[in-house]
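Heads up, the thing below is written out as structure tokens.
The values are calculated or read from the model by the stated rules, or taken from the named source; none is laboratory data. Please read all numbers here as calculations on a predicted model, not as lab measurements. Neighbour counts run over all protein chains shown; Cβ positions are idealised from the backbone, glycine included.
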Amino acid sequence: MRLAINGGPPVRTDPLAPDYPGASVYGDEEKAAVLEVLERRSPFRFYGPDPCHAVAAFEAAFAERMRVRHALALSSGTAALVVGLQSLGVSPGDEVLVPANTFLASPAAVLLCGATPVYVDIDDSFNLDPADLERKRSDRTVALMPVHIEGSPCDMDAIMRFAERHGLRVIEDVAQSCGASFRGRPLGSFGDIGVFSFQINKMITAGEGGMITTNATDLHERVARLHDQGNLRGAGGAMGFDTTGGAILGQNYRMNELSGAVLGAQLRKLDPLIAAMRRVASAIRSRVADVPGVRLRRQLDPDGEAGRRVFILLPSTSLALEVERAVQAEGVPVVRLYEGKPVFEHPQLRAGDVGSTCPQAVDLLARTVTLSVSPVWDDRDVDDIGQAISKVVTYYWKGVAT
Ligand SMILES: Cc1ncc(COP(=O)(O)O)c(C=O)c1O
């Protein structure tokens, strides 16, 4: 059949529902929770006319779900990364191992602490390649930041073994994979610190928001101070002069009660959301898996992944570019993740020419098209997506193969 990009009829004419996971299941629960905060006129977490303590309740429920001792809510995932790194003592002169495939915020947070991100290559799981860790370690390395990309866990067994062998701290960036697990254990419960984001593209959302998880009580106290002017609150939530001897310089990265209320309701929907997204993602994968020329992302733990995005590896960058444009013309919004580039290409990171140190990231990202998954897509949506991808890849693959 003629491709839409060549003037043929597109597979899909009406738009697919947008792919924002948590926001697409907003309902009466979120409305009621927010309304209560408004009616009680108490949007600040620590005090007000009639506080709901929505943020505190969300933290407690989140800690329980992620099977950690402590959870601290913040204003964003970026704030959580910066505060998490600071709590581990990361400072100028230090190096932190960061994967070449991640969002800008992961290495930026390292730089904002005055330290240097050192980029670790990825493998066909699209997460960091544990085999590259040793090559990138130096005597200045103090920590590593595994990033669980788009719902799929890193190999936390290999990563924790490496960290323990060299006495390194581990800060897990779980921003894109809230609720996913590795070998039955929730992500964000392996390292010293886990970091989550509740920005609108994430599994659950209040538009913005972040969380730090930890099992270490001293780290929990430190991140609580760092996110709230360096003090710990006294009775009644007032911020007085902290004379405990523990006061440090901090900032304000607190979460407000409106966000906490929405997120408390969203957290109760997390597991059904993951189940729905896993169903949709695996149905799409099974429709395209056998198309000649297509390879799928390697899943390190298929039972633990959250179905956030489908990755289609193609044999070359030129084919990926053609497939990306042609599938879009069929009405299915595939993209190359981060425009097909490793994170160190962002100019503000001033990473210099490090592409040759991460050849797999350069190669894999350029020739992979991806589709962000919505939990509300139905069988017709999945059929259209599968048909659009297989129609386009088959067309170009024949051209390549003949
Ligand atoms: C891997 C990763 N880390 C950190 C962040 C930062 O989170 P936020 O946008 O909440 O600041 C994001 C957000 O997109 C992310 O994808």
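Go through the range 158-191 and give me each residue that's within 20 Å of Lys269 (Cβ to Cβ) and within 16 Å of the ligand (Cβ to nearest atom).
Start the filter on the range 158-191 by keeping residues that are within 20 Å of Lys269 (Cβ to Cβ), which leaves 174-181, 186-188.
Result: Val174, Ala175, Gln176, Ser177, Cys178, Gly179, Ala180, Leu187, Gly188.
Say whether the condition of being under 23 Å from the mean Cα position of the chain (by Cα) and in a loop (DSSP other than H, G, I, E, B) is met by at least one residue in the range 264-279.
Filtering the range 264-279 down to residues under 23 Å from the mean Cα position of the chain (by Cα) leaves 264-279.
Imposing the further condition that a residue be in a loop (DSSP other than H, G, I, E, B) reduces the set to 268-269.
Yes, there is a match, as at least one residue in the range 264-279 is under 23 Å from the mean Cα position of the chain (by Cα) and in a loop (DSSP other than H, G, I, E, B).
Filter the range 138-157 down to residues that are in contact with a strand residue (DSSP E or B) (Cβ under 8 Å, 6 or more places away or on another chain) and of a type in the set (Gly, Ala, Ser) and give me whichever is nearest to the ligand (Cβ to nearest atom).
Of everything passing the filter in the range 138-157, Gly151 is nearest to the ligand (Cβ to nearest atom).
From the list Pro49, Pro21, Pro10, Pro43, which residue is loosely packed, with under 15 Cβ neighbours inside 10 Å and at pLDDT 95 or above?
On the way: Pro21 fails: loosely packed, with under 15 Cβ neighbours inside 10 Å; Pro10 fails: loosely packed, with under 15 Cβ neighbours inside 10 Å; Pro43 fails: loosely packed, with under 15 Cβ neighbours inside 10 Å.
When all the criteria are applied, what remains is Pro49.
Results for (1) surrounded by fewer than 21 Cβ atoms within 10 Å (Cβ to Cβ); (2) within 11 Å of the ligand (Cβ to nearest atom), shown as yes or no for each residue.
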residue: Ala56; (1), (2): yes, no
residue: Ala61; (1), (2): yes, no
residue: Ala71; (1), (2): no, no
residue: Val82; (1), (2): no, yes
residue: Gln86; (1), (2): no, no
residue: Pro92; (1), (2): yes, no
residue: Val98; (1), (2): no, yes
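Show the residue pairs that are 6+ apart or on different chains and have beta-carbon atoms under 9 Å apart, the first residue being within the range 94-114 and farther than 22 Å from Gly167 by Cα, the second being among the charged types (D, E, K, R) and within 13 Å of the ligand (Cβ to nearest atom).
Within 9 Å, the pairs are Thr102/Asp173; Phe103/Asp173; Ala105/Asp173.
Pairs please, first residue from the range 321-345 and in the same structural domain as Leu104 (by TED's automatic domain parsing) and without any contact (Cβ under 8 Å) to a residue 60 or more places away in the chain, second anywhere and among the hydroxyl-bearing types (Ser, Thr, Tyr) and surrounded by fewer than 19 Cβ atoms within 10 Å (Cβ to Cβ), Cβ atoms under 7 Å, 6+ apart in sequence or on different chains.
From residues that are in the same structural domain as Leu104 (by TED's automatic domain parsing) and without any contact (Cβ under 8 Å) to a residue 60 or more places away in the chain, there are no pairs.
So which helices (runs of 4 or more DSSP H) stay within the range 294-402 end to end and still have 2 or more residues that are closer than 20 Å to Cys154 by Cβ? I'd like the intermediate steps shown before the answer.
On the way: elements: 317-329, 359-366, 379-401.
In the range 294-402, 359-366 are the helices (runs of 4 or more DSSP H) which contain 2 or more residues that are closer than 20 Å to Cys154 by Cβ.
Name the residues in the range 192-242 that are without any contact (Cβ under 8 Å) to a residue 40 or more places away in the chain and either closer than 15 Å to Val55 by Cα or within 16 Å of the ligand (Cβ to nearest atom) (or both), would you?
Hit for the range 192-242 is Asp228, nothing else.
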